[in-house]
Amino acid sequence: MADDTDEESEGPPIELGDGPDVAGVPLAQISSRLTYGIEQSTVRHREGDTEIRTPDGPRELGDILDAVDVPYFERRQEFETAIREEIGTGPVPTE
């Protein structure tokens with residue numbers, strides 16, 4: 001069991017920087033909200049309007065799904081791989 005008086009909890013909280021915002025949500029955030037196996041049409045219905053982070057800036061998931069030829073995602077990894085093949089990988093621009 002954890003002790004409520006751990007040394008870690010006594011220090012100051014970690015502060016996030018005041019840097020520029022990043023538009024869109026991470027792909028992992030969307031994929032974690034889904035239950036697999038799932039049809040592409042169901043993903044589009046639930047999350048199609050959500051903007052995700054891409055190396056080219058934020059894009060709606062529905063627009064990305066238009067270019068994906070997979071009608072059914074059996075596993076989370078299959079979904080993420082299909083989306084990443086379409087959007088690419090790399091640094092995400094900040095605002």
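Quick notes
- Label point 7 Å beyond Cα of residue 21 along Cβ direction - residues of the range 40-84 with amide nitrogen under 15 Å: 51-53, 58-59
- For residue 72, distant residues with modelled amide H under 5 Å away: 40
- Helical content of the chain, expressed as a calculated mean residue ellipticity at 222 nm, amounts to -10000 deg cm²/dmol (DSSP H runs of 4 or more residues, -39,500 (n - 2.57) each, divided by residue number, nearest 500).
- For the range 73-90, 3J(HN,Hα) per residue [Karplus equation, 6.51 cos²θ - 1.76 cosθ + 1.60, θ = phi - 60°, Hz, x = Gly/Pro]: 10, 6, 9, 4, 4, 5, 4, 5, 5, 4, 5, 5, 5, 7, 8, x, 10, x
The numbers here are math on the coordinates, done by the rules we state, and not lab data. In this text the structure is predicted, and so the values were computed from the model without any measurement. Here the Cβ is made from the backbone with ideal geometry for all residues, glycine too, and neighbour counts use every protein chain on show.
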